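K.L.:
My questions all concern the structure below.
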Protein chains: 2
Amino acid sequence: METIRRTKIADLLKRRDFGAQVCAKGWVRTRRGSKQVSFIALNDGSTINNVQIVVDLAQFNEELLKHITTGACLSVEGELVESLGSGQACEIQARKIEVLGTCDNSYPLQKKGHSLEFLREIAHLRPRTNTFGAVFRLRHHMAMAIHTFFHERGFFYFHTPIITASDAEGAGQMFQVTTLDMNQPPRNEDGSINYDEDFFASPANLTVSGQLEGELAATSLGAIYTFGPTFRAENSNTPRHLAEFWMIEPEVAFNDIVDNMNLAEDFIKYCVKWALDNCADDIKFLNDMFDKGLIERLEGVLKEEFIRLPYTEGVKILEEAVRNGHKFEFPVFWGADLASEHERYLVEEHFKRPVILTDYPKEIKAFYMKQNEDEKTVRAMDVLFPKIGEIIGGSEREADYEKLYKRIEELGIPMKDMWWYLDTRKFGTCPHAGFGLGFERLLLFVTGMSNIRDVIPFPRTPRSANF
Amino acid sequence: METIRRTKIADLLKRRDFGAQVCAKGWVRTRRGSKQVSFIALNDGSTINNVQIVVDLAQFNEELLKHITTGACLSVEGELVESLGSGQACEIQARKIEVLGTCDNSYPLQKKGHSLEFLREIAHLRPRTNTFGAVFRLRHHMAMAIHTFFHERGFFYFHTPIITASDAEGAGQMFQVTTLDMNQPPRNEDGSINYDEDFFASPANLTVSGQLEGELAATSLGAIYTFGPTFRAENSNTPRHLAEFWMIEPEVAFNDIVDNMNLAEDFIKYCVKWALDNCADDIKFLNDMFDKGLIERLEGVLKEEFIRLPYTEGVKILEEAVRNGHKFEFPVFWGADLASEHERYLVEEHFKRPVILTDYPKEIKAFYMKQNEDEKTVRAMDVLFPKIGEIIGGSEREADYEKLYKRIEELGIPMKDMWWYLDTRKFGTCPHAGFGLGFERLLLFVTGMSNIRDVIPFPRTPRSANF
């Protein structure tokens, strides 16, 4: 008999041509049954749903059946039949089974119901579980939504460098990259490290943001976005921090802060809508298992326009809340960097929808943000979300060479690292704006997971870079 | 008068509603004309084409006109009119001009015709040139083609780690990542570096490939691809090497080497077709300026099926060529790792189309490739292209635990770094296959550029990590 071409289980489950001969390949999730018949739940990763394989035990030899255990890899041929009991519309009546890979009882995923903590320790196997299959399929879909959103709007994907000799932003929290022998580095006469012998002939670090290079691209290609890994050597062991994470940073020439807010709101709604439209089964699973409010929260974001409010007004609302007896852990006053509890109060308690806070005090924001006429605030904008707090941070950029130069000087940023950035303001400067989205923050929102280590395949955290 | 909404120049040049009031914003490429009228070529990065702005000098004040110099940033409002002379179908008769950013004569891009070498030194400004605008728009389009190709086929984009404590492949050419003080690293009693105090509590490196982690994902999600930066600390100052480059690595459960070849051929044809369909203007420019054979070569790849040939047959053809008097720099014999000249001979001279060479000697290929029955060769496949040589390298993977374990042992790869990889063969192993494409290699092919430093925005090479 001829070999039948394999069909992915995601496609198989949509078919209604009962009676067709089909082939499925995948891994055994469960096996149950009686002395006469076995029911195998087979999964191939294409969907969270399993196809049920019905095995008439009398038709197969015992040696083969012995190897059909949880985790084993099978190739199954048989007839597609209508299903009454499996929770799916169709199942396969097995005619031929081949065990491609056996799986003995040392397999760590044999039993269900492992804790997320345990699964983190076997990050190499956890994509085989329902939970992480769902999370990583959503991760793919969100990446695709992002590329499609920007492509449709004429943005160009721009690769900013990962390794950089420039240390403009926060050198203290950067990872150093080197090919020198740590044990016996070459030294200058004065005892300092001789970086001339290092690979790049100077100290080099991993990037903390592609924004500055992104501005170079926006002021030539018009509208660009980055989507790449960024790094923080912050010694924070929290459910919100990763040493290695992915960022998306669009930057657009001729956009002002209002265009920027419109873009951010359109963008995030597009992503959330994509998730609901394309990942219904995975989201339903996560909603039922981890976060009963997930679907409602996602649909909520799409329903209404985001509130847009100056920081100063936001602080007034928070101060009013304190006067009315609301307790915050951290103090609220004009000039304070808002904590997550403050952001969430505005979003979840006060407005009951997403908020874009604008015009922050310049002291708590970065040097490149456009200075307002009041000389106290800058044209920053943070998008605040339920459960997450800040999900997007951005601003209109300072386009004026003199003002930018002065601010860099005031903050003591070394001018030797800034000349190329300042050139964008020197030669044909233009108004422009952009923002950054932490990809894993978006994933926390669309998956309902509560630890950021569970939305990236191989989390890098203090004391852990396994696999 | 109300402000008119800006239209991107790419969209403007498609319009035929002459008489409409329009607004364009962009940078002055050239200005020429007479005492009565100026013609400004304005570009905003959305396309390689400029829109011509016609300025009746009598209508504008001299102070403003003085600032309309090469590189200056303008906002122009006026009437869209049919054009006879500008090379485009339409142009703008200016009614209102605002200089958003001036540009004095210290601007390095004032005159045309800079060498690629010079432009590399001002990598922060080179995206403003026709050449690099074209290259980076193509770079975006190739990335979008790749994501779309895989998404349409049910593959999931999977982020493999950038920082890794595993040094399975070629530790000698890896960059070390650390937060230790290079000058005075903490030491153990025996004088060795105390890595327990490093960020990850162990030595850590930048990834050289995401394949091994990609296999973990393929054996759970079914079909995945990576698309991320990879690093080689190779001290090679050649037009073919970068220390930081982007790789695409698809990996598919249940695929054998034939499926893998089909996927690779479909994939690369899809990318080339996308470039021809979507980037005609940019490709025509590069064809005319740098590589007169570019369009013909791109169309050539689409026309015919790739030749598929075992390495052993390929070597016979090369040996025959040598016997017939063809001179190669490097010797040809069974067991030799083919040089670019050999690959190009097969592709450009002998077959005159792309070639997929298979079943290489195991000694010159990686440990994870599926071993053939002859015990001498492995199920490798390299796709060889005109001008480029090897553009894709891949294989069916060794699925057998015992064989793989033995090969890892033979090659002396530390088993402590391999346990998690071996688990894929231990628990429900399955046939699978994949390949790697160097993104910049693809870009060299579709742009016709000859130096790899000119197809990535900020090249990282020995002694250079600027911007």
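K.L.:
If residue B:218 satisfies all but one of (1) surrounded by 24 or more Cβ atoms within 10 Å (Cβ to Cβ); (2) touching a helix residue (DSSP H, G or I) at 6+ places or on another chain (Cβ under 7 Å), what's the number of the condition it fails?
P.N.:
(2)
K.L.:
Go through region A:222-237 and report how many residues are more than 10 Å from residue A:252 (Cβ to Cβ) and touching a strand residue (DSSP E or B) at 6+ places or on another chain (Cβ under 9 Å). Spell out the reasoning first.
P.N.:
Let us first name the residues in region A:222-237 that are more than 10 Å from residue A:252 (Cβ to Cβ), namely A:226-237.
With the extra rule that they be touching a strand residue (DSSP E or B) at 6+ places or on another chain (Cβ under 9 Å), the set shrinks to A:226-233, A:236-237.
The number of residues fulfilling the criteria is 10.
K.L.:
Mind listing just one residue for me: the one in region A:182-202 that is within 38 Å of the chain's Cα centre (by Cα) and among the hydroxyl-bearing types (Ser, Thr, Tyr) and, of those, modelled with the lowest pLDDT?
P.N.:
Here is the first cut: in region A:182-202, the ones within 38 Å of the chain's Cα centre (by Cα) are A:182-183, A:185, A:193, A:195-202.
Remaining after also requiring among the hydroxyl-bearing types (Ser, Thr, Tyr): A:195, A:202.
On the way: A:195: 97, A:202: 94.
It comes out as A:202.
K.L.:
Tell me yes or no: at least one residue of region A:27-37 is among the aliphatic types (A, V, I, L, M) and more than 14 Å from chain B (Cβ to nearest Cβ).
P.N.:
Yes, that holds for at least one residue.
K.L.:
State all residues of region A:304-336 that are modelled with pLDDT of 95 or more, within 22 Å of residue A:258 (Cα to Cα) and of a type in the set (D, E, K, R); if no residue qualifies, say none. Before the answer, list the steps.
P.N.:
Applying the first criterion (modelled with pLDDT of 95 or more) to region A:304-336 yields A:305-336.
With the extra rule that they be within 22 Å of residue A:258 (Cα to Cα), the set shrinks to A:305-315.
Across region A:304-336, the qualifying residues are A:305, A:308, A:313.
K.L.:
Of the conditions (1) in a loop (DSSP other than H, G, I, E, B); (2) surrounded by 23 or more Cβ atoms within 10 Å (Cβ to Cβ); (3) not hydrophobic (A, V, I, L, M, F, W, C), residue A:394 fails just one. Which one is it?
P.N.:
All conditions are met except number (1).
K.L.:
Assuming residue A:384 fulfils every condition listed in (1) under 30 Å from residue B:123 (Cβ atoms); (2) buried (at least 21 other Cβ atoms within 10 Å of the Cβ); (3) more than 9 Å from chain B (Cβ to nearest Cβ) apart from one, which condition is it?
P.N.:
(1)
K.L.:
Would you confirm whether any residue within region B:408-417 is within 15 Å of residue B:367 (Cβ to Cβ), charged (D, E, K, R), within 14 Å of another protein chain (Cβ to nearest Cβ) and more than 19 Å from the chain's Cα centre (by Cα)?
P.N.:
yes
K.L.:
Determine if region B:409-418 includes at least one residue that is at pLDDT 95 or above and among the hydrophobic types (A, V, I, L, M, F, W, C).
P.N.:
The answer is no; no qualifying residue exists.
K.L.:
A further question on this structure: Scan (1) under 19 Å from the mean Cα position of the chain (by Cα); (2) more than 29 Å from residue B:101 (Cα to Cα) for the single condition residue A:226 breaks and write down its number.
P.N.:
That leaves (2) as the condition not met.
K.L.:
Tally up the residues in region B:120-168 that are in contact with a helix residue (DSSP H, G or I) (Cβ under 7 Å, 6 or more places away or on another chain), free of Cβ contacts under 8 Å to residues at least 40 places away in the same chain, more than 7 Å from every other protein chain (Cβ to nearest Cβ) and not basic (Lys, Arg), please.
P.N.:
Qualifying residue count for the region: 1.
K.L.:
Sticking with this structure for a sec: Does residue B:423 satisfy the condition of being under 27 Å from residue A:458 (Cα atoms) and either assigned to a strand (DSSP E or B) or without any contact (Cβ under 8 Å) to a residue 24 or more places away in the chain (or both)?
P.N.:
yes
K.L.:
For region A:149-254, which strands (runs of 3 or more DSSP E) that fit wholly inside it have 2 or more residues that are within 25 Å of residue A:426 (Cβ to Cβ)?
P.N.:
Per the criteria, A:223-231, A:244-253.
K.L.:
Give me the residue from region B:204-217 that is within 8 Å of chain A (Cβ to nearest Cβ) and touching a strand residue (DSSP E or B) at 6+ places or on another chain (Cβ under 7 Å) and, out of that set, farthest from residue B:159 (Cα to Cα).
P.N.:
Per the stated criteria, the residue is B:204.
K.L.:
I'd like to verify a number: residues in region B:77-119 that are free of Cβ contacts under 8 Å to residues at least 60 places away in the same chain, β-branched (Val, Ile, Thr) and more than 12 Å from chain A (Cβ to nearest Cβ), how many?
P.N.:
Qualifying residue count, region B:77-119: 1.
The values are calculated or read from the model by the stated rules, or taken from the named source; none is laboratory data. Only a predicted model underlies this, so the values are computations on that prediction, with no experimental measurement involved. So basically every Cβ, Gly included, is an ideal-geometry build from the backbone, and we count neighbours across all protein chains shown.
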